[in-house]
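Student: Dropping the structure in here first, questions after.
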Amino acid sequence: MCETEPGVRVRLRYDEGVNLHRPPLSECAPEVESAGATLAVERLHLWRGQRHVLRGLGFAVHGGEFVHLKGPNGCGKTSLLRALAGFLWPEEGVIRWRGVPVSEDRDGYAADLAYLGHENALKGDLTALENLRFSTNLRTRTDDATLHRTLEELGVGRQADLPVRVLSAGQKRRVAMARVLLSGATLWLLDEPFTNLDVAGVADFARLIAAHAARGGIALVTSHADIELDAGRVRELVVA
Amino acid sequence: MRTRPTSILRASVLVLRRDLALAFRRWEQVTHPVVFFLMVATLFPLALDPKPSLLADIAAGVVWVSALLSSMLALETLYRSDVDDGTLEQLTLSGQPLAPLLLAKTVTHWLVSGVPLVLAAPVVGLAFGAGDASYGVLMTSIALGTGVLSLIGSVGAALTLGSRRGSVLLSLLVLPLVMPVLIFGARATDLAMHGEAAGGPLWLLGAMLILALTLTPFAAAAALRISLE
């Protein structure tokens, strides 16, 4: 499952015995193509400037799995996620999605992928609903009622018609998460999704991630906090 | 719930409509280039001898140089805010081909920054005492020329996103490439002002626009992917 070159510490921990209680699915979320969903990383080497950040990282994640990426600041978690999202070209190694190297079908891979970075990717001058309408309809045709329901589910329904710049940092994060939820993507790459969230928000996001895994999706999440999930299979990947 | 994927045409229209909505919520994006254009054009009579005969002679050149500089100024804003707030990254992950989406962004940028110049150009022409007959050619040539500028500029803007001193570098990259536009645009305007047929240079400008339309979106998409790394 996990192969690396010497000097790289990658620890994968299975918690298969955990509570298999499945939270109710979000009605708003489009179905995911879970069949054959596998993200495989083989001998990944990544340089950032003069620094050799990832040295021969390898792992595979299958549909229904949630991976918690851990590691100290600057160890390459964000670089790994950005490489998986296709922003960084690894110097060496292959990333395969459903068995096909992602460099061969970039747009097809992107359509199956949702990325939440440090930036929320929201336009401050547009309302929450307008932002969501744009980003969601770019992928699939979605009616406003669905968008409204999703915003409500994430606790920002009352802010739907406010310009995003007047929302609090946590509320912006929730709107950004609504975009991920509505993307219909199988693979979620979430970089520190819990920043600026209140306690209820962390619980909400954790529930959504668990529901996504339960539907056969894959979520890779970086976080310094311990995440408590009622998902089927939680794995920890320590990047060191 | 099953959903229907969005066609690339519809996605491009979405980008165009969003950028237009954003521009009209921030008016300075529309007004600054045209005010700058009028300011630069005003500088020439102040620096030169304001004889009506001289002004009529240099009118075509003044309008064109001012329009060129104003377009360059506006280019900086093409991708900047989208990069800063992360929306451009999301655009590359939309699962749609990037080139048509960037073309939609560039067209919107031209509608917001180029069209006001087209409308303001006859005002400068009038002030410089250019003949009435030349306004049609002046506006057509400025419309074609700013279009080419926006398209070539979109590649330059995508390339210089990563650098801190982007705006200077952008001018150094783009200005040499758009010199043919200046030459033929000013020539067409000058011919029309002297009551001669301006068809030749105008057709050449049109050819440049078509060439830029077909090639630059792909170059911009490739440049953008490099800059986002």
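Taken together, the values in this text are just the output of simple stated rules run on the coordinates, not laboratory data. All figures in this text were calculated on a predicted structure; none of them were measured in a lab. Note that we place each Cβ from the backbone using ideal geometry, even for glycine, and neighbour counts take in every protein chain shown.
Student: Given the options A:LEU69, A:SER103, A:GLY86, identify the residue whose Cα lies farthest towards the positive end of the charge dipole of the stretch A:60-112 (+1 on Cβ of Lys, Arg; -1 on Cβ of Asp, Glu).
Tutor: Checking the options against the dipole of the stretch A:60-112, the answer is A:LEU69.
Student: Can you bin the stretch B:72-120 into rounded, prolate or oblate? Criterion: square roots of the alpha carbon gyration tensor eigenvalues sorted a ≥ b ≥ c, rounded for a/c under 1.5, prolate for a/b above b/c, oblate for the rest.
Tutor: oblate
Student: Taking the mean number of other Cβ atoms within 10 Å as a proxy for protection, how do you rank A:91-103, A:71-83 from highest to lowest?
Tutor: The peptides rank, most packed first, as A:71-83, A:91-103.
Student: Then there's this: By its C-alpha gyration tensor, with a ≥ b ≥ c as the square roots of the eigenvalues, how is the stretch A:101-150 shaped: rounded for a/c under 1.5, else prolate for a/b larger than b/c, else oblate?
Tutor: Oblate shape, in that a/c is at least 1.5 and b/c is the bigger or equal ratio.
Student: Checking a compactness column here: for the stretch A:106-240, what do you get for Rg(Cα) / (2.2 N^0.38 Å), N being the number of residues?
Tutor: 1.01
Student: While we're on this one: Compute, for chain B, the length of the dipole vector about the Cα centre, with Cβ point charges of +1 (Lys, Arg) and -1 (Asp, Glu) only. Units Debye, rounded to 20.
Tutor: So the magnitude is around 780 debye.
Student: Can you sort A:ASP161, A:ASP198 by how many other beta carbons sit within 10 Å, fewest first?
Tutor: Listing A:ASP161, A:ASP198 from fewest to most nearby Cβ atoms yields A:ASP161, A:ASP198.
Student: Counting only other residues whose beta carbon sits under 12 Å from that of B:ALA23, what net charge do I get with K and R as +1, D and E as -1?
Tutor: +3
Student: Can you give the Rg and Dmax of the protein assembly as shown based on its C-alpha atoms, in angstrom?
Tutor: Both quantities, over Cα of the protein assembly as shown: 26.1, 91 Å.
Student: What is the magnitude of the charge dipole of the protein assembly as shown about its Cα centre, with +1 placed on the Cβ of each Lys and Arg, -1 on the Cβ of each Asp and Glu, and no other charges, expressed in debye to the nearest 20?
Tutor: 340 debye
Student: Okay, moving on. Quick one: in the stretch A:46-163, what % of C-alpha pairs are over 24 Å apart?
Tutor: Beyond 24 Å sits 44 percent of the P(r) for the stretch A:46-163.
Student: On to the next question. What is the dipole size for the stretch B:1-136, taken about its Cα centre, with +1 at each Lys and Arg Cβ and -1 at each Asp and Glu Cβ, in debye to the nearest 20?
Tutor: My answer is approximately 700 debye.
Student: Can you give the net charge of the other residues whose Cβ lies under 15 Å from the Cβ of B:LEU101, counting K and R as +1 and D and E as -1?
Tutor: Residues near B:LEU101 contribute +3 overall.
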